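The values are calculated or read from the model by the stated rules, or taken from the named source; none is laboratory data. These figures come from a predicted structure and were not determined experimentally. Here Cβ is always computed from backbone atoms with ideal geometry, including for glycine, and neighbour counts include all displayed protein chains. In case anyone asks, the SASA skips ligands and DNA or RNA and just uses the protein heavy atoms, side chains included. Shrake-Rupley method; radii C 1.70, N 1.55, O 1.52, S 1.80 Å.
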Amino acid sequence: MTDRASLEEIASCVAGYDPKALPVAQAQEFIARLVPRVRAVEKVALRSGLGRVLAHDVVSATDVPSHDNSAMDGYALRTADAFDGATLRVIGEVAAGQVATRTLVAGEAYRIMTGAPIPPGADAVIMQEQCERRGDEVTLKRAVKLRDHVRDRGEDVRAGEVVLRRGLTLRAAEVGTLASARRARVAVTRRPIVALLATGDELRDVGEPLDPGAIPDTNSYALAALVREAGGEPRQLPIVRDDRAALAAAMREARSADLIVSTGGVSVGEHDHVKAVLEELGAELTAWRVDMKPGKPVALAVLDGTPYYGLPGNPVSSMVAFTLFVRPAIRAALGCTEPLDLARATVRLEAPLTVRGERRQFLRARVRFADGRLVAAPMARQGSGVLSSMLGANGLIVVDAGMHSFDAGAEASVLIIGPLGRD
Ligand code: AMP
Ligand code: MG
């Protein structure tokens, strides 16, 4: 993981860009580099570990499996005795969770069940389907080789071996692996706290009455959900009025978070105060006009050491800009080792598409598998205020600036932002 970049470093890299190339990809990397790694570690119960990010390498305390054991229901025996047609005396039974009561000697077998420890003296297992049992005797219908159907102690994991690396996100397989390594508690990175500031005189919290001209604040809720999905902890602050003093007070309060995200007020309108107030508070500020639609005005700053992401107010723009820029920052703060950028795929368009614009466009689309290939259908309405266009959208079709007409079936490039559907 790269260490934190300075704003000057970022600005100088940005200055070198051809704005018509894809600054978004680089912007993502730089914005991620702006955020300091969260160093605080929490020990959580394994049951609560899903989705968390490992703070340290995890070493197995034991061999897994911890004893040689049978991979089959059958008979444990000595290979020296085990020729085709041999008859052995069955001296007892071991089921999973039990141990043999004595050592096996020549001419003997133990009835054994899957997972049961191999009795001392035995060196192989024959499947029950390959023998014939009569009373306390068993006759083999084939010869057996050394270690047949024996799962070796430590064949999965050896004691002292690193089983999981720091920076890994815990999914089901990781949680299971931690349980098999007997880790009841797991050290994870504290979730980065993301302060959310919704700015706008017109905004009311959901559930509050709407006076004429007012609208519900959707961004705080949608972005809080995106913060959680990214592994952060949202801290939703009260709605901020379009007033410099109020905005300054809210920003000051937000500084104790690991990251600050505001929506609205970042453009050039008369009531857009975000940049001016950041300057007034002495923030290092890069006003960033990323080559993208939706979401062109994105402000990037560092306020008393805390990275600040000023996103546009339109609900779709704020979600898209969050996904492209803030999500990787949260993952970087967590010390995640998997790639920070979104997966990209080539898809076939399900319908003709004509796009015209001065900026690179990110069109919401539904991506799915059809006949084993990825296809994408752009949402019918692409306005940045049309939040319903995000429903079911799991991809962003990326189309360069200019005029482009695609036929149905043409190839397009898509950033994957959600689980893929299928036909
Ligand atoms: P602004 O970026 O402040 O100019 O806002 C652009 C548009 O987004 C305006 O139509 C705002 O009313 C709308 N908007 C801003 N913030 C929010 C929010 N938190 N929830 C819903 N809509 C918003
Ligand atoms: Mg506004």
Exercise. Taking region 266-389 as the region of interest, what is the percent of Cα-Cα pairs per 5 angstrom bin, listed from the shortest bin to the one with the maximum distance?
Worked result: 2, 10, 15, 18, 19, 15, 10, 6, 4, 2, 0, 0
Problem set entry | A408 versus D371: modelled label distance in nm, points set 7 Å from Cα along the beta carbon direction | 1.3 nm
Exercise. Taking Cα pairs under 8 Å and at least six residues apart, what relative contact order does region 313-423 come out at, in percent?
Worked result: 36 percent
Seminar exercise, completed: Checking V268, V316, V53 against a Gaussian network model of the chain (alpha-carbon springs below 10 Å), the top fluctuating residue turns out to be V268
Problem set entry | Amide hydrogen neighbours beyond the local backbone of C131, cut-off 5 Å, H modeled | K141
Seminar exercise, completed: With Cα springs under 10 Å, the Gaussian network model of the chain assigns the largest mean-square fluctuation among D63, D148, D400 to D148
Problem set entry | Dipole of the chain, positive end: most advanced residue of A225, V44, G85 [Cβ charges, Cα centre] | G85
Problem set entry | Count of Lys pairs (Cα-Cα under 30 Å; at least 8 positions apart or interchain) in the chain | 5
For this session: Report F325's accessible area, 1.4 Å probe, all protein chains in place, as a number in Å² to the nearest 10.
Result: 0 Å²
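Antiparallel as a % of all DSSP beta bridges within the chain, to the nearest 5?
Antiparallel bridges: around 70 percent, rounded to the nearest 5.
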Seminar exercise, completed: Of G107, G200, G49, the most mobile residue in a GNM of the chain (C-alpha springs, cutoff 10 Å) is G107
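For the chain, what is the accessible area per residue in Å² when the probe is 1.4 Å?
With all protein chains present, the chain gives 47 Å² per residue.
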Exercise. Expressed as cubic angstrom per residue, what is the convex hull volume of the alpha carbon set of the chain?
Worked result: 200 Å³
Exercise. In nm, what is the difference between 0.36 nm times the number of residues separating D243 and A351 and their Cα-Cα distance?
Worked result: 34.3 nm
Seminar exercise, completed: The set of residues whose placed amide H lies less than 5 Å from the amide H of M72, leaving out same-chain residues fewer than 5 positions away, is G115
For this session: Using a 1.4 angstrom probe on heavy atoms only, work out the carbon and sulfur share of the accessible area of region 279-406 in %.
Result: 49 percent
Exercise. Calculated from DSSP H runs of 4 or more alone, at -39500 (n - 2.57) each and per residue, what is the 222 nm mean residue ellipticity of the chain, nearest 500?
Worked result: -5000 deg cm²/dmol
For this session: Determine, from the Cβ-Cβ distance of R344 and R147 and an R0 of 41 Å, the FRET efficiency 1/(1 + (r/R0)^6), rounded to the nearest 0.05.
Result: 0.30
